[in-house]
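First up is the structure itself, then whatever we jot down about it.
The values are calculated or read from the model by the stated rules, or taken from the named source; none is laboratory data. Predicted model, so just to flag it, every value in this text is computed and none were measured. Using ideal geometry, Cβ is built from the backbone for each residue, glycine included, and neighbour counts are taken over all protein chains shown. SASA here: full protein model, heavy atoms, side chains in, ligands and nucleic acids out. Shrake-Rupley method; radii C 1.70, N 1.55, O 1.52, S 1.80 Å.
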Amino acid sequence: MKKITKEEIIEVAILILDERGIDGVSLKEVAEVLSIKPPSLYNHIKNREDLLALAAYFSLKNFYQTLLVASVGVEKREALLAMAGAYRQFAVDYPGQYELIQKQIYWENTEAEVISNQVIALLQKILASFDLPKGEQIHFIRLVRSYLHGFSSLTGKKSFQLHKDIEESFLYGLNIIFSVLPE
């Protein structure tokens, strides 16, 4: 009998997730990739929902690290621009992980929620340098997230077909949004 670990199961689930999306992740598929029988997975996970919760934790951690690394060494507007670019790139490079972290039902009330709160705290820390009142920070974060989600989703689906530079359009929108920030 082949020995497997929980980490290997999660790695395979993530690979399938990024290749086929949430609906493509099944215990049968994970077991096939690992060359084991599906019941062997139950030694490490409870069910598909448990597997997706574990994958969500990994995905949120990966997402947070991506944003954190992008913002190191830069401040204010440059930090926001760097994080926005990293956000969009993550969504395009890891479409399944991105899809999963958008579905809070898979990770709320788990350890992954702690990571999600760290993402918000990171953004709030940068926004505090603009003297944006705390009450407005969440509204601003939601606005930026909505823009990034829409732009990232359309980019990932190759929906922008006009002969104008996509990066230029992306920055154009960000600059409009960031123009409301106090200096």
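A Cβ distance below 7 Å, combined with a sequence gap of six or more or placement on separate chains, defines the contacts here; from the stretch 143-168, residues that are more than 19 Å from SER179 (Cβ to Cβ) and without any contact (Cβ under 8 Å) to a residue 12 or more places away in the chain reach residues that are open to solvent by 60 Å² or more (accessible area, probe 1.4 Å) and part of a helix (DSSP H, G or I) in the pairs PHE160/LEU154. Count of the stretch 128-142 residues, restricted to those that are surrounded by 13 or more Cβ atoms within 10 Å (Cβ to Cβ) and either basic (Lys, Arg) or in contact with a Leu (Cβ under 8 Å, 6 or more places away or on another chain) (or both), is 5. Can you list residue pairs whose Cβ atoms sit under 6 Å apart, with the first residue in the stretch 92-119 being closer than 14 Å to PHE58 by Cα and the second being open to solvent by 60 Å² or more (accessible area, probe 1.4 Å) and in a helix (DSSP H, G or I)? Count only pairs 6 or more apart in sequence or on different chains. Filtered contacts from the stretch 92-119: GLU111/TYR57; ALA112/TYR57; ILE115/LYS61.
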